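Input: a single structure, listed below in structure tokens.
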Amino acid sequence: MRNALPVIMFLSFCGASFAARDSAVNQKQACLWFDCEANYRRLSSPDSVRHYLQLAKDTGFTDVVLDVKSIMGEVCWHSRIAPFMGEWEGWYRDQDYDLTAIMINECHRIGMRISASLNIFCGGHNFFGRGIIYKQYPQWQSLIYNNGVMTPIEKIKTTYNGMLNPADPEVRRYQLDVLAEFAGRYPHLDGIILDRVRYDGITGDFSDLSRREFERYAGITVGNFPEDILYWEEDSDKMRWRRGPLFKKWVEWRAGVIYTFFEEARRTIRQAAPEVEFGTYTGAWYPTYYEVGVNWASRDYDPSRDYDWATSEYRKWGCAELFDIYMTGLYYTDITTDDGKRRRAAVAKRTEAAMSEAEDDWYTVEGGAKHARELTRGAAPLIGSIYVEQYANHPEEFSLAIRMVMSACDGVMVFDISHIVSRGWWKIVAEAIKNPIK
């Protein structure tokens, strides 16, 4: 049913709006994520916003993360650059409905901190055929070397993420302009969290542009592209990718592509809103996360000592020191390292970017948190992230996961409020936040 929303005018901010920052300094953060699409209807009226923020506060959450730039490239504010997300699943918002301003005002009024999340190198929802790669900028989409065939990502319907090419200067400039506009418009935010600052996977991007940028970086000419980087062969009736002779240098270059964007994004946000914290979310599975081009470790850590995919130069693209806050996805069904050891024979299906069938201790909530601590070297507060739906029908394990993270990290992020609402797990969350594992 179509819903026309009343126009919401600019909200003023009182002098007490920064009280939430001061009150949270000496306590661990408990962050509740509000996904853009999943909560579109829920956040489409000020009364509903106030209701759920107060519920989050009463549950024990200190922070919220508001997703304001969707994977489609559409945004939740009236932008002069990016298309406005004015409709989702039959619900409509007017461009003058300033959700971010409403959320900032209400969070600070009740003593909560608020960060905004923006999806960066993605521009389409492939399941819906919607987004900027389908309309405004089809040339920006990632070219995937899929099973030996070059395929635009919009054609790969097994993935919902219509990812962009992070090495494209036009893509980077556009995203930085969007960040500058947003940060300048909302300087009263407590933080800005960048999501999906990465490649789609190890098979993207293999465009001519990427080849030229890599050759410029490495100071070489690739004689046989892309096979000198990566090639495909049949193995047990299945096509599998293999490393070419330049694979490790390519991995190093891609990490530099992501590092330099983070560097530019931090500078851009600092210039527009000096008081706003800068952070990111990534998956915690570092040993395979190189496949999406991100080295989220400290520069003090040398992965070439531990992994055969890393060059000795890979360490210089360690991003940890760039962040004021770092959220890492501990998206594992095994919680303790003992759990992992008992379940080695039945590795759960893993669908997040760059996940593997590994059976190591770091593929548990406890082990992953410890591993992230070791790799980031305390460069930024570590917020362990829990995905609610991984614990569907297992509320006890969900509670234990939160308690584990609250003990092992500097705080927890729970994704997403929609799953807490649908399962009615508010009391479970409240008890878990109050009772970290001793």
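The values are calculated or read from the model by the stated rules, or taken from the named source; none is laboratory data. What you are looking at is a predicted structure, and each value in this text was computed from that prediction instead of being measured. When we count neighbours, we look across all protein chains shown, and the Cβ atoms used for this are built from the backbone with ideal geometry, even at glycine.
Assuming Ile104 fulfils every condition listed in (1) aliphatic (A, V, I, L, M); (2) in a helix (DSSP H, G or I); (3) farther than 14 Å from Tyr186 by Cα apart from one, which condition is it?
(3)
Yes or no, residue by residue, for (1) at pLDDT 95 or above; (2) over 29 Å from the mean Cα position of the chain (by Cα); (3) crowded, with 21+ Cβ neighbours inside 10 Å; (4) part of a helix (DSSP H, G or I):
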| residue | (1), (2), (3), (4) |
| --- | --- |
| Ile192 | yes, no, yes, no |
| Val197 | yes, no, yes, no |
| Leu209 | yes, no, no, yes |
| Gly223 | yes, yes, no, no |
| Tyr231 | yes, no, no, no |
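Anything in the range 121-147 that is more than 24 Å from Phe182 (Cα to Cα) and modelled with pLDDT of 95 or more? List them, or say none.
Step one: list which residues in the range 121-147 are more than 24 Å from Phe182 (Cα to Cα), which gives 126-129, 139, 142-147.
Within the range 121-147, Asn126, Phe127, Phe128, Gly129, Gln139, Ser142, Leu143, Ile144, Tyr145 qualify.
Name the residue that is surrounded by the fewest Cβ atoms within 10 Å (Cβ to Cβ), counting only residues in the range 255-283 that are in a loop (DSSP other than H, G, I, E, B) and not β-branched (Val, Ile, Thr). Quick ask: steps written out before the conclusion?
Step one: of the range 255-283, the residues in a loop (DSSP other than H, G, I, E, B) are 273-276.
Among the residues that remain, those that are also not β-branched (Val, Ile, Thr) are: 273-275.
Details: Ala273: 21, Pro274: 9, Glu275: 12.
Among them, the one singled out is Pro274.
Within the range 86-124, which residues are surrounded by 20 or more Cβ atoms within 10 Å (Cβ to Cβ), of a type in the set (A, V, I, L, M, F, W, C) and under 23 Å from Gln175 (Cβ atoms)?
Trp88, Leu99, Met103, Ile104, Ile114, Ala116, Leu118, Ile120, Phe121, Cys122
Which residue, of Lys69, Lys57, Lys28, is modelled with pLDDT of 95 or more, over 30 Å from Asn165 (Cβ atoms) and either crowded, with 20+ Cβ neighbours inside 10 Å or within 21 Å of the chain's Cα centre (by Cα) (or both)?
On the way: Lys69 fails: over 30 Å from Asn165 (Cβ atoms); Lys57 fails: either crowded, with 20+ Cβ neighbours inside 10 Å or within 21 Å of the chain's Cα centre (by Cα) (or both).
Going through Lys69, Lys57, Lys28 in turn, the sole match is Lys28.
Exactly one condition in (1) closer than 17 Å to Ile71 by Cβ; (2) in contact with a His (Cβ under 7 Å, 6 or more places away or on another chain) is not met by Gln136; state its number.
Evaluating Gln136 over (1) closer than 17 Å to Ile71 by Cβ; (2) in contact with a His (Cβ under 7 Å, 6 or more places away or on another chain) leaves (2) as the failure.
Can you find even one residue in the range 111-120 that is of a type in the set (A, V, I, L, M, F, W, C), over 26 Å from Val294 (Cβ atoms), assigned to a loop (DSSP other than H, G, I, E, B) and at pLDDT 95 or above?
Initially, the range 111-120 is screened for residues of a type in the set (A, V, I, L, M, F, W, C), giving 112, 114, 116, 118, 120.
Those still in the list that are over 26 Å from Val294 (Cβ atoms) too: 112.
Of the ones still in play, those that are also assigned to a loop (DSSP other than H, G, I, E, B) are 112.
Within this subset, residues satisfying the condition of being at pLDDT 95 or above are 112.
Yes, some residue in the range 111-120 is of a type in the set (A, V, I, L, M, F, W, C), over 26 Å from Val294 (Cβ atoms), assigned to a loop (DSSP other than H, G, I, E, B) and at pLDDT 95 or above.
Could you please find all residues in the range 55-91 being outside any loop (DSSP other than H, G, I, E, B) and among the charged types (D, E, K, R)?
Kept after step one, since they are outside any loop (DSSP other than H, G, I, E, B), are these residues of the range 55-91: 55-59, 63-69, 75, 84, 87-88, 91.
Within the range 55-91, Lys57, Asp58, Asp63, Asp67, Lys69, Glu87 meet the criteria.
Does any residue of the range 233-240 turn out to be part of a strand (DSSP E or B) and within 23 Å of the chain's Cα centre (by Cα)?
So the first thing to find is which residues in the range 233-240 are part of a strand (DSSP E or B), and the list is 233-235, 238-240.
Narrowing the set further to residues that are within 23 Å of the chain's Cα centre (by Cα) leaves none.
Checked the range 233-240: no residue is part of a strand (DSSP E or B) and within 23 Å of the chain's Cα centre (by Cα).
How about the range 184-214: which of its residues are among the aliphatic types (A, V, I, L, M) and either closer than 19 Å to Met163 by Cα or free of Cβ contacts under 8 Å to residues at least 60 places away in the same chain (or both)? Spell out the reasoning first.
Step one: filter the range 184-214 for residues among the aliphatic types (A, V, I, L, M), giving 189, 192-194, 197, 202, 209.
Within the range 184-214, Ile193, Leu194, Val197, Ile202, Leu209 qualify.
Restricting attention to the range 147-177, report how many residues are part of a strand (DSSP E or B) and crowded, with 20+ Cβ neighbours inside 10 Å.
First, pick out the residues of the range 147-177 that are part of a strand (DSSP E or B): 149-152, 161-164.
Checking the rest, the ones that are also crowded, with 20+ Cβ neighbours inside 10 Å come to 161-164.
So the count comes out to 4.
Here is a list: Tyr307, Tyr286. Which entry is buried (at least 19 other Cβ atoms within 10 Å of the Cβ) and hydroxyl-bearing (Ser, Thr, Tyr)? Show your work before the answer.
On the way: Tyr307 fails: buried (at least 19 other Cβ atoms within 10 Å of the Cβ).
Exactly one of Tyr307, Tyr286 is buried (at least 19 other Cβ atoms within 10 Å of the Cβ) and hydroxyl-bearing (Ser, Thr, Tyr), namely Tyr286.
Identify all residues within the range 233-242 that are surrounded by fewer than 17 Cβ atoms within 10 Å (Cβ to Cβ) and either of a type in the set (S, T, N, Q) or touching a residue at least 24 places away in the same chain (Cβ under 8 Å) (or both); write none if there are none. Before the answer, list the steps.
First, pick out the residues of the range 233-242 that are surrounded by fewer than 17 Cβ atoms within 10 Å (Cβ to Cβ): 233-240, 242.
The answer is Ser236, Met239.
So is Glu252 surrounded by 19 or more Cβ atoms within 10 Å (Cβ to Cβ) and either not in a loop (DSSP other than H, G, I, E, B) or not β-branched (Val, Ile, Thr) (or both) or not?
On the way: surrounded by 19 or more Cβ atoms within 10 Å (Cβ to Cβ): yes; either not in a loop (DSSP other than H, G, I, E, B) or not β-branched (Val, Ile, Thr) (or both): yes.
When the stated conditions are applied, Glu252 passes them.
Working only within the range 362-382, note down all residues that are of a type in the set (D, E, K, R) and surrounded by fewer than 17 Cβ atoms within 10 Å (Cβ to Cβ). Break it down into steps so the answer makes sense when it comes.
Let us first name the residues in the range 362-382 that are of a type in the set (D, E, K, R), namely 366, 370, 373-374, 377.
Across the range 362-382, the qualifying residues are Lys370, Arg373, Glu374, Arg377.
Check whether at least one residue in the range 410-433 is more than 21 Å from Leu55 (Cα to Cα), modelled with pLDDT of 95 or more and in contact with a strand residue (DSSP E or B) (Cβ under 8 Å, 6 or more places away or on another chain), and report yes or no.
Of the residues in the range 410-433, the ones more than 21 Å from Leu55 (Cα to Cα) are 410.
Next cut, modelled with pLDDT of 95 or more only: 410.
Next cut, in contact with a strand residue (DSSP E or B) (Cβ under 8 Å, 6 or more places away or on another chain) only: 410.
The answer is yes, given that some residue of the range 410-433 is more than 21 Å from Leu55 (Cα to Cα), modelled with pLDDT of 95 or more and in contact with a strand residue (DSSP E or B) (Cβ under 8 Å, 6 or more places away or on another chain).
Taking the range 273-300 as the search range and keeping residues that are farther than 20 Å from Ala116 by Cβ and hydroxyl-bearing (Ser, Thr, Tyr), which one is nearest to the chain's Cα centre (by Cα)?
Tyr289
In the range 296-315, what residues are in contact (Cβ under 8 Å) with a residue 24 or more places away in the chain and either in contact with a Cys (Cβ under 6 Å, 6 or more places away or on another chain) or in a helix (DSSP H, G or I) (or both)?
Trp296, Tyr314
Could you please find all residues in the range 383-397 being in contact with a Gly (Cβ under 8 Å, 6 or more places away or on another chain) and either surrounded by fewer than 22 Cβ atoms within 10 Å (Cβ to Cβ) or without any contact (Cβ under 8 Å) to a residue 12 or more places away in the chain (or both)?
If we filter the range 383-397 for residues that are in contact with a Gly (Cβ under 8 Å, 6 or more places away or on another chain), which is where we start, we get 383-385, 387.
Within the range 383-397, Tyr387 is the sole residue that qualifies.
Pick from the range 157-177 the residues that are without any contact (Cβ under 8 Å) to a residue 60 or more places away in the chain and under 14 Å from Gly123 (Cα atoms): which of them is farthest from the chain's Cα centre (by Cα)? Give the steps one after another, and end with the answer.
Of the range 157-177, the ones without any contact (Cβ under 8 Å) to a residue 60 or more places away in the chain are 157-159, 163-165, 168-171, 173.
Applying the additional criterion that residues be under 14 Å from Gly123 (Cα atoms) yields 159, 163-165, 168, 170-171.
Working: Thr159: 16, Met163: 13, Leu164: 15, Asn165: 16, Asp168: 20, Glu170: 21, Val171: 18 Å.
Top of the filtered list is Glu170.
Tell me, please, whether a residue that is assigned to a helix (DSSP H, G or I), of a type outside the set (Asp, Glu) and in contact (Cβ under 8 Å) with a residue 60 or more places away in the chain can be found in the range 92-100. Show your work before the answer.
Residues of the range 92-100 that are assigned to a helix (DSSP H, G or I), as a first pass: 99-100.
Checking the rest, the ones that are also of a type outside the set (Asp, Glu) come to 99-100.
From the residues that got through so far, the ones that are in contact (Cβ under 8 Å) with a residue 60 or more places away in the chain too are 100.
Yes, some residue in the range 92-100 is assigned to a helix (DSSP H, G or I), of a type outside the set (Asp, Glu) and in contact (Cβ under 8 Å) with a residue 60 or more places away in the chain.
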